[in-house]
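Asks: So that we are looking at the same thing, I have put the structure below in structure tokens.
The values are calculated or read from the model by the stated rules, or taken from the named source; none is laboratory data. Remember, predicted model here, so these are calculated numbers, not experimental data. Please note: Cβ atoms are built from the backbone with ideal geometry, for glycine as well, and neighbour counts cover all protein chains shown. Quick note on the areas: whole protein, heavy atoms, side chains included, nothing else; ligands and nucleic acids left out. Shrake-Rupley method; radii C 1.70, N 1.55, O 1.52, S 1.80 Å.
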Amino acid sequence: MSKFSQEIQVSGHLIDSSILTKIFDKIMDLHGEFQVEEINIGKRKKDQSFARLLVKGKNQKHLDEILETVYREGAVSKIQQEITLKKSPKNCVMPDNFYSTTNNHTQVFYKEQWIQVENMMMDKCIVVKQNRAFCVPVRDIKKGDMIIVGEKGIKITPPERPREGVNVFEFMGSSSSSERPTQHIAKQVADDIYNTKKNGGKIVIVGGPAIVHTGADDAVSELIRAGYIDGVLAGNALAVHDIEYATLGTSLGMNVHDATLAYHGHRNHMDTINAVFKAGSIANMVKTKKLKKGIMYECIKNKVPFVLAGSIRDDGPLPDVITDVAQAQREYKKILKDASMVIMISTMLHSIATGNMLPANVKVIVVDINQPTVTKLMDRGTWQALGIVSDVGAFLPLVVAQLRKKKSSR
């Protein structure tokens, strides 16, 4: 065995999920060498495979760099070492060389056993308390927290390609497309939404104001009313223009149904903000029957939780908007807990922010006329996102129509 070498092993659906290929590629990209010592390929669909490799580097630093990279693809050292823990020196400060998380399911080797890391998110650290491990944002770190440093004793499980049935994620076969048949994609998305709810899953929508601008407000409202949506995440703009549309028939002063400009329409969104402040809250507007339809109305009436996160560019913002960014992030995370599917609609910033909070096994559908939205989301680590490049005003009503068909045929 070479002086600068180490045996690693990996198990799972290595071939059809490309896990082994990715490990080979990472080693070669870093100009390392490897030798396959043992490999057993599963013979049946549900069988897992196993491989043991000898990885070689030019020196210890080079070898460590290679090992750190392949560990993040699901490999582990053959001789398992326990995690290394260091105390946080003060609130909101991580020790040097802290382990920065991915969004993949992660286990840590502690006191001679593997422990599942809870609350998995990317770009966080791992805190160990009383034989449990937690993914923790920097703002929530307290002085004295025991935080994992280095890469030892950490096992990542990459998500595998779906193995049973055909859903939209198998159908697409690529991250984004504007050339797939829209009707067929809409049916596939509707099937996946329907089956997710049928199996007791939780679906969250992340939405931008283009939902209203393009005429998709009624479609999203129907999804909520029909019980398909369990949470709504957005900013000030979606709520303002949704209520503007519901009360005045316009979005940014434009009549939604015929795209004509309303008289004095430029002030409609400000009139809307003023009306909500008069009522005291969106819920009070519903209670006093000042608001009788729309996305926010359906959320209130159907007790679907929502979070509106503020930004520096907001008009108002509405009294329901959380202007403390850190608090808004925490509230987003509460809604996303145990989500099975997240549908991101025409909002780049909120989509990327939400993607950073999701474990990799959560299905993510991004619908946007702008292809870079899904590209940017994937570049920042939410690689499981499926992008549908389409006008949401045309696409979402197709999805809702397909869901109506499924409901009526039961």
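Asks: Under 5 Å between amide hydrogens, which residues at least 5 positions from A385 or on another chain qualify, with H placed 1.01 Å from N in the peptide plane?
Replies: Amide H neighbours of A385: none.
Asks: Distance between the C-alpha centers of the range 57-87 and the range 321-341? Whole Å please.
Replies: Distance between centres, Cα-based: 33 Å.
Asks: Here's another thing I want to ask about it. In whole angstrom, and with the biggest value first, how far do the Cα coordinates of the chain range along each principal axis?
Replies: 80, 51, 35
Asks: Also, I was wondering about something else. To two decimal places, what compactness ratio does the range 281-338 give when its Cα radius of gyration is scaled by 2.2 N^0.38 Å? Please report the intermediate quantities before stating the final value.
Replies: Details: Rg = 12.5 Å, N = 58, 2.2 N^0.38 = 10.3 Å.
For the range 281-338, the normalised Cα radius of gyration is 1.22.
Asks: Just order 400-410, 60-70, 115-125 by mean Cβ neighbour count inside 10 Å, highest at the front, would you?
Replies: Numbers: 400-410: 13.5, 60-70: 17.1, 115-125: 18.7.
Highest-to-lowest ranking by the protection proxy: 115-125, 60-70, 400-410.
Asks: Sticking with this structure for a sec: Per residue of the range 347-358, what does 6.51 cos²θ - 1.76 cosθ + 1.60 with θ = phi - 60° give for ³J(HN,Hα)? Whole Hz please, x for Gly and Pro, Karplus curve as stated.
Replies: My calculation for the range 347-358 gives 8, 5, 5, 5, 5, 4, 4, 5, x, 5, 9, 9 Hz in order.
Asks: Please figure out what share of the DSSP beta bridges in the chain is antiparallel and state it in percent, rounded to the nearest 5. Kindly include the intermediate steps, with their values, before the conclusion.
Replies: Numbers: 39 of 67 bridges.
Of the beta bridges lying entirely in the chain, close to 60 percent run antiparallel.
Asks: Applying the Karplus parametrisation 6.51 cos²θ - 1.76 cosθ + 1.60 with θ = phi - 60° to the phi angles of the range 92-101, what ³J(HN,Hα) value in whole Hz is obtained for each residue in order, glycine and proline being reported as x?
Replies: 6, 10, 9, x, 4, 6, 4, 7, 9, 6
Asks: Further question: Collect residues whose amide H, placed 1.01 Å from N in the peptide plane, falls under 5 Å from the amide H of K78; neighbours closer than 5 in sequence don't count.
Replies: Hits under the 5 Å cutoff: E7, I8, Q9.
Asks: Tell me, what HN-Hα J-couplings in whole Hz come from the Karplus equation 6.51 cos²θ - 1.76 cosθ + 1.60 at θ = phi - 60° for each residue of the range 102-112, using x for Gly and Pro?
Replies: Computed from phi, the couplings for the range 102-112 are 9, 9, 7, 4, 10, 10, 10, 8, 9, 6, 6 Hz.
Asks: Divide by every residue of the chain the summed helix terms, -39500 (n - 2.57) for each DSSP H run of at least 4, and state the resulting mean residue ellipticity at 222 nm, rounded to the nearest 500 deg cm²/dmol. List each step's numbers first, then the result.
Replies: Details: 14 runs with 141 residues, N = 410.
The helix-only estimate for the chain comes to -10000 deg cm²/dmol at 222 nm.
Asks: Which shape class applies to the range 1-125: rounded if a/c is under 1.5, otherwise prolate when a/b exceeds b/c and oblate if not, where a ≥ b ≥ c are the square roots of the Cα gyration tensor eigenvalues?
Replies: Working: a/c = 1.98, a/b = 1.35, b/c = 1.47.
Here the range 1-125 falls in the oblate category.
Asks: Let me ask another. Name the long-range amide H neighbours of N255: under 5 Å, sequence gap of 5 or more, or other chain; modelled H, no Pro or chain starts.
Replies: T260, L261, A262
Asks: A further question follows. Send over a whole-number figure in Å² for the accessible area per residue of the chain, probe 1.4 Å.
Replies: Numbers: 20040 Å² over 410 residues.
Ligands and nucleic acids excluded, the result is 49 Å² per residue.
Asks: Leaving out ligands, DNA and RNA, and with a 1.4 Å probe, what % of the accessible surface on the chain is carbon or sulfur?
Replies: Within the chain, the accessible surface is 50 percent carbon and sulfur.
Asks: Still on this model: Can you tell me the 0 to 90 degree angle between the C-alpha axis of helix 268-279 and the longest principal axis of the chain, rounded to 10?
Replies: 90 degrees
Asks: Compare the peptides 139-149, 287-297 by average per-residue count of other Cβ atoms within 10 angstrom and give them in order, highest first. Don't skip to the end; give the middle numbers.
Replies: Details: 139-149: 16.9, 287-297: 18.8.
So the peptides 139-149, 287-297, ranked by packing, come out 287-297, 139-149.
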